[in-house]
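Since every read-out is calculated from the coordinates, none of them should be taken as a lab result. Please read these numbers as outputs of a predicted model, since none were measured by experiment. Here the Cβ positions follow ideal geometry from the backbone for every residue, glycine too, while neighbour counts run over all protein chains shown.
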Amino acid sequence: MSEAQQPTAFDADDLNFDDFQLEDFSTESSFQTQASVERDLSFFKSIPVTVTLEVASKEIALGDLMKAGEGSVIELDKLNGEPLDVKVNGSLMGHAEVVVINDKYGLRLIDVLDSALSGVGR
């Protein structure tokens, strides 16, 4: 009959960390450096987004809206000539004014919010 092998007891005192050559361990080759974190973002340039020019809005009671009919006027919250909100996928990107280009509406950006571009390409 063969002897059953007994598992050897592990003693933490038997470990000698000096045997590991940690000084040869290079953090640059094993972990991403700051330079490699800056990635090529060209892949994201082809992802479609929806750009919306929001003229104005108004919060009203549903009952008042149900009374509205053809020819009714609902006063909105922006003044005439005030810059309009530009939204990308529903998030505010900046402000613009309406222009006409080849008989189509367009927008001319007046300002772009810093928060809209934070973290992109940096």
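Quick notes on this one:
- Working ranking of peptides 80-86, 59-65 by packing, defined as the average number of other Cβ atoms within 10 Å per residue, highest first, is 80-86, 59-65.
- Only lysines eight or more places from Lys58 in sequence, or on another chain, were considered; those with a Cα closer than 18 Å are Lys67, Lys78, Lys87.
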